[in-house]
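Reviewing the structure listed below.
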Amino acid sequence: GFNKNQFQNIGDHSIKGVELEARWQASKNINLSANYTQREQDDSDFRAVQEADQEAYIRTDWVFSPDWNWNVQANWIGQRERPSTDDRSHVEAYVVTDTTLRFAASDNWELAASVRNLFDESAREYTGRSIADDLPLPGRNAYVEARYKF
């Protein structure tokens, strides 16, 4: 049958803030990009606790030969407060850094090697009380990738 559940707003909550984004081509072969978010939320019971009041992202791309590209990116998530009904301490801020080396073998083939969470940061996402120590994000991990375009 059909799912008859319907989401409905049950209270008032206000968020205001600013988002900034910048891109800069530092040279013919190097691009930098970054963004920053600042939120100010009220302290109602409906506060979006899973969202940090501050977040930032920075990335650099370097094309060091016609077929090769290397990028490094860092994602910073600020401290997150818990709702008044949760007596655990806040969720700590974290920075996760990733890097990828990519090779365009031909017009159709692309190969890449990546490391996610390069510095093995112990990062967690808020889960409410359902998981006692919140949701751990993956530690350092690496993978290789092959892409073929038809």
Test residue 102 against the criterion of being buried (at least 17 other Cβ atoms within 10 Å of the Cβ) and free of Cβ contacts under 8 Å to residues at least 40 places away in the same chain, and give yes or no. yes
Of all residues in segment 95-134 being farther than 30 Å from residue 64 by Cα and of a type in the set (Ser, Thr, Tyr), which is modelled with the lowest pLDDT? 130
Pull up segment 69-90, narrow it to residues that are under 15 Å from the mean Cα position of the chain (by Cα) and assigned to a strand (DSSP E or B), then point me to the one that is farthest from residue 33 (Cα to Cα). 80
List pairs: first in segment 24-40 and surrounded by 12 or more Cβ atoms within 10 Å (Cβ to Cβ), second aromatic (Phe, Trp, Tyr) and part of a strand (DSSP E or B), Cβ under 7 Å, 6+ apart or cross-chain? 29/62; 29/64; 30/62; 32/24; 34/57; 35/57
In this structure, does residue 147 turn out to be exposed (fewer than 14 other Cβ atoms within 10 Å of the Cβ), modelled with pLDDT under 95 and not polar (S, T, N, Q)? no
Residue 49 being modelled with pLDDT under 95 and out of contact with any helix residue (DSSP H, G or I) (no Cβ under 6 Å at 6 or more places or on another chain): yes
Mind checking which residues of segment 97-146 are touching a strand residue (DSSP E or B) at 6+ places or on another chain (Cβ under 6 Å), under 16 Å from residue 82 (Cα atoms) and among the acidic types (Asp, Glu)? 125, 134
Residue tally, condition touching a residue at least 40 places away in the same chain (Cβ under 8 Å) and not charged (D, E, K, R), over segment 127-146: 2
When residues of segment 4-28 are limited to those that are of a type in the set (S, T, N, Q) and at pLDDT 95 or above, the one nearest to residue 83 (Cα to Cα): 25
Within segment 91-150, restricting to residues that are among the aromatic types (Phe, Trp, Tyr) and in a strand (DSSP E or B), the one that is nearest to the chain's Cα centre (by Cα) is 94
Condition set closer than 30 Å to residue 131 by Cα and touching a strand residue (DSSP E or B) at 6+ places or on another chain (Cβ under 6 Å), scope segment 57-89, selection surrounded by the most Cβ atoms within 10 Å (Cβ to Cβ): answer is 77
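The values are calculated or read from the model by the stated rules, or taken from the named source; none is laboratory data. Keep in mind that this is a model prediction, so the values were computed, not measured. Every residue, glycine as well, gets a Cβ built from its backbone with ideal geometry; the counts of neighbours run over all protein chains shown.
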